Structures are given as structure tokens and as C-alpha cells.
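S.K.: Below is the structure I would like to discuss, written out as C-alpha cells.
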Amino acid sequence: MLEFKKIELSDVPLLRPYFEKCTNRFCDFSVGGSVMWRNVYETEFAVSDGALYMRFRLSDGKWAFSYPLGAAFGDTVKKLLEYCEKADEKLIFAAVSEEEKKEMESLFPYACTFADRDHADYIYLGEDLAGFKGKKYATQRNHINRFLSENPDWHFEMIRKEDIPAVNAYFAKYAAFSAKDSFSALEERKCVLDVFENFDAYGFFGEALYVGTDIVGFFLCEAVADTLMVHIEKCDRSVTGAYQMLVKREAEKYCTGKLIYVNREDDAGDEGLRRSKLAYRPLYLAEKYTVTIE
């Protein structure tokens, strides 16, 4: 019988090797996607016979499971079916890729599936964001050129543990002037503060963008397999080109070696954020399915 426990920061070293085996490039299978949001979604996990099982709460209060990692699906789904039968629950999977959905449908032809566009991750080629080459990126280049001309004293600095108080102060100012007060935006602020308070445990890396001595933006990422996961990205929108500078820097500095792709996560249904992320020309949208086994 599977025994689930709440994810804690101390579980990060145990979880990372499993995430490295995941091939769908979803942010859900990363420290930033699972541990950072653990309190919002009540995320729990279990390890059995070398396989990782994760579950979390859906908006309707039901439990949903992630695609198990580390063992064949045919073996792991048997354990989940047994678990759900004893709990008198339907077996629901969420954050399922197209390939995983097909595998589930081959075993369970009457499974009910649907995808929510709001939760699709934006996947980019690192070389596209690093270079901003070609006509399709003319707007981004123009904004960067304006930033460079208006802010000759700009520079990036790596965010170290000792820099967190300054970055936190900037984030507090950013949050105070942000017009977003949705549930997801308010919960995200709590998650960001948790990262600041436990910086070493998360193991994120990133940089702050300065104009003179003032921070005007920052980002924090992690590397998972061949993908750079951008979990936190904030900037002063009144500084033209600052946002484009952050996006370019992320890919230019860190998409080297095995890191080929950039996951800039979903848009949560925010129309402004959707337009912004589409403007950077994603290679594809990583669509996520919810599958209920009938």
C-alpha cells in the first residue's frame, strides 16, 4: 500500500534524481513546480519499488496524481488503482503529456481526458531567446536597444545568499505596485518569499538586473535534464527593455551544454501574460491533460 507524505524542503535531494528522468519538460516535475507550490496544492509523495508517486489537490478538492516516475506505467498504475479503490476515489491523473495520455488510453480505452490551455507551459529554444535574431524578434531588439541607450550604467549580478535581503526589498516594492491581486498572484508571492527564506535548500540560481545601484528586475531558475526552468521572473515595467534584458540573459548565460530549452511556465489564463509569452515565439506549448480512469 502506498504511503503518501507531505513534501518538505528536506525532500529536495530525494526528488531531484527522479525529475531528471522526466522527458516532458513540464515545470510540474521540478523543485520549483512541486516543492515551491507544495502548500498551495497540498502536494504529497510516496516512493515504492524505485518509483516516485506524487499527488496534489485539484480546484474541486479531489486528489490527482502525476504520472509516476522511475518504473513502467503498467506496474505503477496497478498500485494506484489499488490505492484509489481502498480510498473509494476515482483515479485521476493531471499534468499528463500527449504521449502519456496515449499510453493511458491504450490501457484504459474509456478514460475521460481534457486539456486546459491555461496550464500549458511555454517551451522556447534557448538559442532563440539568447540571440533575438530575425524579423520576428525585432520588437525585443528595439526594446533592448532603448534600454541600453537610456541606462548606460546597467549590469547583472549573480544572486547569492547574502544578496537576498536586497532582492527581497525590491520584490516587496514590486508586489506593492503590482496591480495583480488574483488568488494565484497572492499565492505566488508567498512562494517567492519561501524561496528567499530557504534559498540554499531550493538550490535555484539567477541574477538581478541593476541600473546604477538600483535593482530593476531579477530571475531565479533551475536546470532539469535539457531544460532551463524559469520559476521566478520579475521586473520594473516602467523601465523599457528591462523585461527583454532578463529573458535574453537567462538563455544567453545559462543555455549552454546540455541545456537546450527554456520553460517559462504557463500563463494561468492571464491575457496580458499570454500575449507577452506568445510574443517571444515559443517553440511549442507543452499541453497538459487531466485523465480520469473510468
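The values are calculated or read from the model by the stated rules, or taken from the named source; none is laboratory data. Because the structure is predicted, anything quoted here is derived from the model rather than measured. For neighbour counting, all protein chains shown are included, and Cβ atoms are generated from backbone atoms with ideal geometry for every residue, glycine included. What goes into the accessible areas is simple: the full protein's heavy atoms, side chains included, and nothing from ligands, DNA or RNA. Shrake-Rupley method; radii C 1.70, N 1.55, O 1.52, S 1.80 Å.
S.K.: To the nearest 0.05, how large is the calculated FRET efficiency for THR139 and LYS190 if R₀ is 30 Å and r is the Cβ-Cβ distance?
M.R.: 0.35
S.K.: In addition: Kirkwood Rh and Cα-based Rg: tell me the resulting Rg over Rh for segment 80-132, rounded to two decimals. Walk me through the intermediate numbers first.
M.R.: Values: Rg = 16.7 Å, Rh = 14.0 Å.
On the Cα set of segment 80-132, Rg over Rh gives 1.19.
S.K.: When the convex hull of the Cα atoms of segment 1-68 is projected onto a plane and the area is averaged over all directions, what value comes out in nm²?
M.R.: Reported value for the Cα convex hull: 4.6 nm².
S.K.: Among ALA208, ALA225, ALA111, determine the one that fluctuates most according to a GNM of the chain built with springs between C-alpha atoms less than 10 Å apart.
M.R.: Taking springs between Cα atoms under 10 Å, the residue moving most is ALA111.
S.K.: Tell me which residues come under 5 Å, amide H to amide H, from ASP267 once H is placed; ignore anything under 5 positions away on its chain.
M.R.: Those qualifying (amide H under 5 Å, at least 5 residues apart or on another chain) are ALA120.
S.K.: Right, next: Output wanted: per-residue J couplings in Hz (rounded whole) for segment 266-274, from phi through Karplus 6.51 cos²θ - 1.76 cosθ + 1.60, θ = phi - 60°, x for Gly and Pro.
M.R.: Those phi angles translate into 8, 10, 6, x, 7, 5, x, 5, 4 Hz.
S.K.: Also, quick follow-up: Using θ = phi - 60° and the Karplus curve 6.51 cos²θ - 1.76 cosθ + 1.60, what whole-Hz ³J(HN,Hα) does each residue of segment 63-72 get, with Gly and Pro shown as x?
M.R.: For segment 63-72, the Karplus curve yields 7, 10, 10, 7, 4, x, 10, x, 7, 5 Hz.
S.K.: Taking only the Cα atoms of segment 136-294, how large is their convex hull per residue, in Å³?
M.R.: With only Cα atoms used, segment 136-294 gives 153 Å³ per residue.
S.K.: Separate question: Before rounding to the nearest 500, sum -39500 (n - 2.57) across all DSSP H runs of length at least 4 in the chain and divide by the residue total; then give [θ] at 222 nm in deg cm²/dmol.
M.R.: It lands at -11000 deg cm²/dmol.
S.K.: Here's another thing I want to ask about it. On full extension of the chain, what length is gained from VAL40 through ASP163, given 0.36 nm per residue of separation minus the C-alpha to C-alpha distance?
M.R.: Net length gain for the segment: 41.6 nm.
S.K.: In whole percent, how big is the carbon plus sulfur part of the accessible area of segment 203-256, probe 1.4 Å, protein atoms only?
M.R.: Values: 690 of 1510 Å².
Percent of accessible area from carbon and sulfur atoms in segment 203-256: 46.
S.K.: On to the next question. Using only Cα atoms, tell me the angle between helix 183-197 and the longest principal axis of the chain; keep it within 0 to 90° and round to the nearest 10.
M.R.: 80 degrees
S.K.: Only Cα pairs within less than 10 Å get springs; with that Gaussian network setup on the chain, which residue of LEU193, LEU107, LEU209 has the largest fluctuation?
M.R.: Result for the chain, Cα springs under 10 Å: LEU107 fluctuates most.
S.K.: Return one number: the angle in degrees, 0 to 90 and rounded to the nearest 10, between the long axis of the Cα atoms of helix 242-254 and the longest principal axis of the Cα atoms of the chain.
M.R.: 60 degrees
S.K.: Compute the signed sum of charges (Lys and Arg +1, Asp and Glu -1) over the other residues within less than 11 Å, Cβ to Cβ, of TYR67.
M.R.: Summing Lys/Arg as +1 and Asp/Glu as -1 gives -2.
S.K.: Length gain on complete extension for the stretch ASP153 to PHE114, per 0.36 nm per residue less the alpha carbon to alpha carbon distance?
M.R.: Full extension of this stretch gives 9.1 nm more.
S.K.: Based on the alpha carbon coordinates of the chain, what radius of gyration and maximum Cα-Cα distance (Dmax) apply, in Å?
M.R.: Taking only Cα atoms of the chain, I get Rg and Dmax of 20.0, 65 Å.
S.K.: Kindly express, to the nearest 10 degrees and within the range 0 to 90, the angle between helix 164-177's C-alpha long axis and the longest C-alpha principal axis of the chain.
M.R.: Tilt relative to the chain: about 90 degrees.
S.K.: Taking Cα centroids, how far is segment 245-294 from segment 77-147 in Å?
M.R.: 10 Å
S.K.: Calculate, for the chain, the solvent-accessible area per residue in square angstrom, rolling a 1.4 angstrom probe over the heavy atoms of the protein chains.
M.R.: 48 Å²
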